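All remarks here apply to the structure that follows.
The values are calculated or read from the model by the stated rules, or taken from the named source; none is laboratory data. All values reported here derive from a predicted model rather than from experimental measurement. Positions of Cβ are generated from backbone atoms using ideal geometry, with glycine treated the same way; all protein chains shown enter the neighbour counts.
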Amino acid sequence: MLYFVGGTSDPFCVCKCGSDAFSTSVVEKTLAPRWTESYTFNSELKTLEAATDQLETFELLDSWAVYQQLPNLDASLNKEYHEEMRACALFQLLVVIASKSRKSKEAIQFQRFLREYRFKLLANKIEPPPTIFKSQSSATCDVSVVASWLVRLTPEQRQRFYALKEVFSKDVEKQEDARREEDLQYANHAENLVQWQKSFDQEKVYKQQIDMRRRLDEDAQSDSKLPQEQQIVTYARSVLQDIPEGLFVDSEFGMNSTQGIANESMVSGWKRSTEFNPNVQMFNGGTDPDDIFQGVLHDGWFLSALSILASSGSVGDDQVDPLIDNLFISKTVTASGAYAVRLYKNAGWRLVVVDDLFPALAQGKFHSRHEIRNI
């Protein structure tokens, strides 16, 4: 902003920019003054720098990206609200059920008190009405008769009644504590028994596997007239009969650990085939190359060989390929979890007994339907 000061012939000029001002020198005795002076104003620069610094403290927000997320966020919020309301309703229902159970329990305990402390009540001159019980059961007390009887008691009788009721409640509490302690001891004993049984069974299965290898070596050295394939089948069936139900674990495979398995972080442990599907079958709907999927395990070398075998017989979709059927000595699901398979290796047929334990995915660790189905 420019100001001309004075109406005389000695003018001077005052320049102002923001909060900064500059005054020129006085030009004497002239009506057409000219100045050749220069000045740099700093106030606006400082204000601009301060405003710039203030802007740098804020993060720029992409409003359009936020608007695009609003429908998904609204759907998530509705789902959370629905789940919270459902959980609240279920909680209220549980409270009502628990209250009803507590009321029923208290009613039964009160009726037990009247029966078991009947003579003590009579000794304290408190006589229950003879019609208070409908039968010999403690759960068939007439509540309306009890309420009418309690109202008619004198204050002294009512005081003695509640004193006896308190003694009975303490006795019942001691009995329940003793029962819980006994149940805990039984549970600990059962757990110890299960651990002992597990170690005993593992040792037994390990001895059976050693015996199986020994008998295979003996059969290989014997002069049996049966073909090698028939020897393997005969021996495999005898081995499967000796294995106890639901106990077989392949000790050579090391199923107690997931170390070394592909995608180890996705595997939570091992489960038997019947745990994945109680109605599991050995061959359901025949064998077809399209039945095989890679999944998340690095076993494509084995699955590709099975796929080639499944496509070699040119059988119908509901039929089992003879080459695959010939590999399995166990044709159906076994209760022991042991399956005998014969594989051709090193110019000869070899018997392999495997369990039905498979690596199981951890919760939420899957990417497709095929991976869930085939891990």
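Some points to look at:
- Residue within region 196-214 that is modelled with pLDDT under 75, loosely packed, with under 14 Cβ neighbours inside 10 Å and closer than 16 Å to ARG342 by Cβ present: yes
- ASP290 more than 27 Å from VAL239 (Cα to Cα) and not in a strand (DSSP E or B): yes
- Residue among LEU240, LEU184, LEU150, LEU193 that alone is modelled with pLDDT of 70 or more, closer than 21 Å to GLN109 by Cβ and either surrounded by 10 or more Cβ atoms within 10 Å (Cβ to Cβ) or in contact with a Phe, Trp or Tyr (Cβ under 6 Å, 6 or more places away or on another chain) (or both): LEU150
- Flag if ILE126 is assigned to a loop (DSSP other than H, G, I, E, B) and either surrounded by 11 or more Cβ atoms within 10 Å (Cβ to Cβ) or among the small types (Gly, Ala, Ser) (or both): yes
- For the residues GLU275, GLU264, GLU229, GLU245, the requirement of being modelled with pLDDT under 65, within 26 Å of LEU306 (Cα to Cα) and either touching a Leu at 6+ places or on another chain (Cβ under 9 Å) or assigned by TED's automatic domain parsing to the domain that holds ALA310 (or both) singles out GLU229.
- Checked against (1) farther than 19 Å from ARG342 by Cβ; (2) within 31 Å of the chain's Cα centre (by Cα); (3) at pLDDT 65 or above; (4) surrounded by 14 or more Cβ atoms within 10 Å (Cβ to Cβ), ASP250 passes all but condition (1).
- None of LEU60, LEU55 is modelled with pLDDT under 80, not in a helix (DSSP H, G or I) and not β-branched (Val, Ile, Thr) except LEU60.
- Some residue of region 109-121 being modelled with pLDDT under 85 and polar (S, T, N, Q): yes
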